[in-house]
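Asker: My questions will all concern the structure given below.
Only the coordinates and a few stated rules stand behind these numbers; no lab work does. Values in this document were obtained by computation on a predicted structure and should not be read as measured data. A quick note on method: Cβ atoms are made from the backbone with ideal geometry, for glycine too, and the neighbour counts reach across all protein chains shown.
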Amino acid sequence: MKVQATKIPEVLIFEPKIFSDNRGFFYESFNNCQFNELTGLNVSFVQENHSTSYKNVLRGLHYQIRKPQGKLVRVVAGEIFDVAIDLRKGSPTFSHWVGVILSAENKRQLWLPEGFAHGFVVTSTSAECFYKVTNYRVLEFERAILWNDQTIAVDWPVKEPILSARDQSGKLLGNIEVFL
């Protein structure tokens, strides 16, 4: 497993070692000891989520203000543009974002630590995502940032995404709760 820092050092890209032959391929998608060794963290995942979305569906930008979730995201079918936004007040990268293409083909995974908002848009016909989280979902603590907030200015690869009602009513960065 190879790990690569992004322009926000705590957001990491993991690239697995893939063993391929005429039968197909094999790789370890997650190894707790290796993950903790590579990150210097001691992370425990409590839940794994699985979603299917169609082309131009944008999910996000979501976070939990209390009981925040670290996330390890991967795609098992299709392709997404995955985004992490730093919401840690006082961080030198506060309000900065990182975008990474995750796909079934490249088998990359993105680690977003607690204190980040997360979202993605599907760039293929459809996509299936798995993501491990470090805390359980708690509806009362969930928040959403408006996907096209100009203060953050994510360079989404789609101009007219398909959004849920919740995501359409996300708040602007200046009006949200952030992590202290």
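Asker: When the label point is put 7 Å from the Cα of residue 67 along its Cα-to-beta-carbon vector, which residues of segment 127-153 have a backbone N closer than 17 Å?
Answerer: Backbone N within reach: 132-144.
Asker: So for the chain, taking the charge dipole from beta-carbon charges (+1 Lys/Arg, -1 Asp/Glu), which of 144, 100, 54 sits furthest toward the positive end?
Answerer: 144
Asker: Can you give the calculated 222 nm mean residue ellipticity of the chain, where each DSSP H run of n ≥ 4 adds -39,500 (n - 2.57) and the sum is split over every residue, rounded to the nearest 500 deg cm²/dmol?
Answerer: Taking each H run of at least 4 residues, the total per residue is -1500 deg cm²/dmol.
Asker: What is the calculated FRET efficiency for residue 130 to residue 34, with r their C-beta to C-beta distance and R₀ = 22 Å, to the nearest 0.05?
Answerer: Result of the calculation: an efficiency of 0.80.
Asker: Right, something else. Which of the residue pairs 67/159; 7/89; 132/159; 55/89; 17/89; 2/89 have a Cα-Cα distance greater than 27 Å in the structure shown?
Answerer: The answer is 67/159; 132/159; 55/89; 17/89; 2/89.
Asker: Once label points are set 7 Å from the Cα along Cα→Cβ at both residue 77 and residue 2, what is their separation, rounded to one decimal in nm?
Answerer: The two pseudo-label positions are separated by 2.9 nm.
Asker: Follow-up. Counting alpha carbon pairs within less than 8 Å and at least 6 residues apart, what relative contact order, in whole percent, applies to the chain?
Answerer: Relative contact order of the chain: 29 percent.
Asker: Using a Förster distance of 25 angstrom, determine the FRET efficiency expected from the C-beta separation of residue 49 and residue 22, and round it to 0.05.
Answerer: After rounding to 0.05, the efficiency reads 0.15.
Asker: Quote the relative contact order of segment 66-118 in percent (integer), defining contacts as alpha-carbon pairs under 8 Å separated by 6+ residues.
Answerer: 50
Asker: Determine, at each q value in 0.08, 0.11, 0.12, 0.17 (inverse angstroms), the log₁₀ of I(q)/I(0) that the Debye formula gives when each Cα of the chain is one equal point scatterer.
Answerer: Result of the Debye calculation: -0.24, -0.45, -0.54, -1.11.
Asker: Between residue 70 and residues 5 or more places away or on another chain, which pairs have amide H atoms under 5 Å apart, with H built 1.01 Å from N, and which residues are they?
Answerer: 114, 134, 135
Asker: What list do you get for 13, 80 if you sort them by fewest beta carbons within 10 Å?
Answerer: Fewest to most other Cβ atoms nearby, the residues stand as 13, 80.
Asker: So who's got an amide H within less than 5 Å of the one on residue 57, skipping anything under 5 residues away but keeping other chains? H placed 1.01 Å off N, in plane.
Answerer: 122, 162
Asker: Percent antiparallel among DSSP beta bridges with both residues in the chain, to the nearest 5?
Answerer: Percentage antiparallel, nearest 5: 95.
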